[in-house]
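The values are calculated or read from the model by the stated rules, or taken from the named source; none is laboratory data. All values derive from a computational prediction rather than experimental measurement. Here the Cβ positions follow ideal geometry from the backbone for every residue, glycine too, while neighbour counts run over all protein chains shown. To get the accessible areas, we keep the full protein, side chains included, count just its heavy atoms, and leave off ligands, DNA and RNA. Shrake-Rupley method; radii C 1.70, N 1.55, O 1.52, S 1.80 Å.
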Amino acid sequence: QVQLVESGGGLVQAGGSLRLSCVASGSILSSDVMRWYRQAPGKQRELVAFITGGWSTNYADSVKGRFTISRDNAKNTVYLQMNSLKPEDTAVYYCHTYSGMRHYWGQGTQVTVSS
């Protein structure tokens, strides 16, 4: 069983920064791919970034150059550093992993960017 708990969301002005954290507990492996998704009101959930066990990363075109995903396996934590935030980044951000043939989601953390 895996639990994911996100934190770090909040209200920020456009151009500002936030760092999201996702702490994983349970049977998570350092080789598991960790992902950040987001869902804005009235829109489908979209993949923002992922990081593999080998530290390869990939980003949605909309956040490339502004967001950075990283992980600290010793702390079972994945981070999403978000810089140059835009109002269109406003959404609930979710942490996700697929481990042991099961999908796991966190409860989400709200990010609101004011113009």
Residue list for region 24-41, filter: at pLDDT 95 or above and outside any loop (DSSP other than H, G, I, E, B)
M34, R35, W36, Y37, R38, Q39
Confirm whether R35 is without any contact (Cβ under 8 Å) to a residue 60 or more places away in the chain, in contact with a strand residue (DSSP E or B) (Cβ under 7 Å, 6 or more places away or on another chain) and of a type in the set (D, E, K, R).
no
Given the criteria open to solvent by less than 10 Å² (accessible area, probe 1.4 Å) and modelled with pLDDT of 95 or more, does V12 qualify?
no
Answer yes or no: is there a residue in region 68-79 that is out of contact with any Cys (no Cβ under 6 Å at 6 or more places or on another chain), assigned to a loop (DSSP other than H, G, I, E, B) and open to solvent by 60 Å² or more (accessible area, probe 1.4 Å).
yes
So which residues in region 42-62 are farther than 19 Å from E6 by Cα and part of a loop (DSSP other than H, G, I, E, B)?
G42, K43, Q44, G53, G54, W55, S56, A60, D61, S62
